[in-house]
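Any read-out appearing in this document is the output of simple, stated calculations on the displayed coordinates, not a laboratory observation. Just so it is clear, the model here is predicted, and its values are computed rather than measured. All Cβ positions, even for glycine, are placed from backbone atoms using ideal geometry, and neighbour counts span all protein chains on display.
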Amino acid sequence: MPHPGIPAAFGRTTHAMPDLTLPSPRPWPEARPLRWGILAPGGIAERFAQALQRRTSQRVVAVGSRSADRAEAFAQAHGIPRSYGDYRALVEDPEVDAVYVASPHSAHVELALLAISAGKHVLVEKPLATTGDDARRILDAARAAGVFAMEAMWTRYLAQSDIVRQVLADGALGEVTSVAADFGFSIPYLPEHRLFDPSQAGGALLDAGVYPVSFISSVLGAPGELSAIGSLAASGVDDQAIVSFSYPGAVATATTSLKAWLPVTAVVAGTAGRLEVGPGFLGPTTVRLSRFDQGWEPEVAEWTDAAFAGPGQEGLACQAEAFAGFVEQGLVESPIHRHDEVVAIVDALDRAQQQIFAAAREAVR
Ligand SMILES: NC(=O)c1ccc[n+]([C@@H]2O[C@H](COP(=O)([O-])OP(=O)(O)OC[C@H]3O[C@@H](n4cnc5c(N)ncnc54)[C@H](OP(=O)(O)O)[C@@H]3O)[C@@H](O)[C@H]2O)c1
C-alpha cells in the first residue's frame with residue numbers, strides 16, 4: 001500500500017512506481033538588492049563577496065577590518081567602493097543596509113551587537129554565538145532595534161533544502177524515525193589556528209558540528225535531550241564528537257571531527273522511505289529519495305543542483321538573496337530558521353561540549 005501522505009507527484013502505483021519524482025525547488029522571490037557591509041574580511045568573507053558578485057544583484061559596498069591595509073586590500077580585490085580600518089566605522093556607514101559578520105565565532109556576539117546598535121540588519125556566520133545566552137542576546141537586541149537578524153546557516157537556503165522540506169511535508173517517508181548527519185575533515189593540529197584555539201571558540205562542534213545539528217533540527221525540531229561523547233585536542237578543544245538526540249518517536253545522531261574525512265551526508269529515514277542529501281550536504285548537492293513500497297528493493301528518484309556546477313561555496317549567494325527577501329517583507333527572523341530554534345541549536349552545541357569536557361575531566365581524576 002502506498003503511504004496515504006504521498007501526493008500524485010510521488011507516484012501512487014502499488015508496483016512499479018515508474019514516475020517516482022522529487023518536487024522541484026521553489027526559487028526565492030526576486031528581492032531588491034541590499035547594500036552590504038562586510039565585517040572581518042577573512043576566508044569565508046572572501047567567498048561570500050565572490051558569491052554575491054557572481055550570483056546575485058546584491059551589492060557589497062563596504063568592508064571593515066581591524067586593519068586599514070587589510071580592508072583596503074580586500075576592497076581592491078573585490079571591487080568594493082569603501083573600506084574602513086575599524087569595525088565601528090563600517091557599521092556607522094549610512095549607505096550600508098546589512099552587515100555580514102564573518103569573524104571567528106568568539107567575536108560574533110560583540111560584532112553582531114555593534115551592527116544592531118547602529119540599526120543594521122545582520123547576517124552572522126555560524127554558529128550565531130558560542131552559548132545559547134549570547135545567541136539570545138543578539139536576537140533580542142535585533143528585535144528591540146527592529147532589524148532583521150539571521151544566522152548564516154547557508155545550507156537552509158539552498159534548493160536541496162526546499163526539496164527536503166517539501167518531501168517531509170508530503171509525508172513521503174512515512175513516519176520519520178531516524179536522522180543522521182555528519183561533517184568532519186582532517187586538518188593538521190596548529191594550536192594557534194582558530195579551530196584549535198580556545199580563545200577563538202575553537203573545536204569541531206561549534207565549527208563543523210553545527211551543520212549536522214542544524215540539519216537534524218530542521219527535520220525533527222529544535223534539539224532537547226542529548227548525549228555526547230568525544231575527544232579533545234591538546235589545546236583542550238573538542239576535536240571529535242558524536243551527539244545523540246532523543247525526540248518523541250525518533251532518534252538522531254550528529255557526528256563531527258577535525259581529524260577525519262567524514263562522508264558529509266545527511267540521511268532522513270522513516271517507515272516508508274529514506275532521503276539522502278549529499279555527499280557534501282552542506283553545499284549545493286544531490287538529493288536521493290528511496291521508497292520501500294515493495295520491501296527491500298526501493299524505487300529511487302534523484303535530483304542534483306545543476307545551477308552550482310562550479311565552486312560549491314557560491315551557494316552562499318542563496319542565503320543573501322533569501323535574507324534580502326525577508327528584509328523586504330519586513331520580517332524580524334527567517335521563517336525557515338526561527339530565532340528560538342537558532343538559540344536551541346547553539347545551546348545544544350554548548351551542552352554537548354560541556355558533556356565532553358566533563359567526561360575528559362572525569363577521566364583524569
Ligand atoms: N559558511 C561557511 O561555509 C563557512 C566556512 C568557513 C568559516 N565559516 C565561519 O566564518 C567565520 C570566520 O571563519 P574564517 O575561516 O573566515 O576565519 P578567518 O579566515 O580566520 O577570518 C576571520 C577574520 O575575522 C577577523 N577577526 C576579528 N576578530 C578576530 C580575532 N580575535 N582573531 C582572529 N581574527 C579576527 C580577522 O579580520 P580583520 O582582523 O582583518 O578584521 C580575520 O581575518 C567563523 O565563524 C566560521 O564558522 C563559515
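A few remarks follow.
- Cβ-based exposure ranking for Leu39, Leu349, in which fewest neighbours within 10 Å come first: Leu39, Leu349
- When Lys259, Lys126 are sorted by how many other C-beta atoms sit within 10 angstrom of their C-beta, beginning with the fewest, the order is Lys259, Lys126.
- Listed residues Pro188, Pro33, Pro212, most fluctuating in the chain (Gaussian network, C-alpha, under 10 Å): Pro188
- Inter-part distance where region 28-46 and region 65-89 are each reduced to a Cα centre, Å: 14 Å
- Coarse-grained scattering of region 140-187 at q = 0.27 Å⁻¹, given as base-10 log I(q)/I(0) from a Debye sum over alpha-carbon atoms: -1.04
- Looking at the chain, the DSSP beta bridges with both ends there are about 60 percent antiparallel.
- Net charge contributed by nearby residues that have their C-beta within less than 14 Å of Ala233 (K/R +1, D/E -1): -3
- Average Cα contact separation per residue, the chain, under 8 Å, 6 or more apart, as relative contact order %: 20 percent
- A simple spin-label model places pseudo-atoms 7 Å from Cα toward Cβ; at Leu190 and Asp140 they are separated by 3.8 nm.
- The distance separating the Cα centre of region 298-365 from that of region 204-220 comes to 6 Å.
- Distant alpha-carbon pairs in region 190-249 (separation over 13 angstrom), percent: 63 percent
- Region 35-154, relative contact order [Cα under 8 Å, separation at least 6], %: 23 percent
- When Rg and the Kirkwood radius Rh are both evaluated on Cα atoms of region 35-154, their ratio Rg/Rh stands at 0.94.
- Kirkwood radius and radius of gyration were both taken over the C-alpha atoms of the chain, and their ratio Rg/Rh is 0.99.
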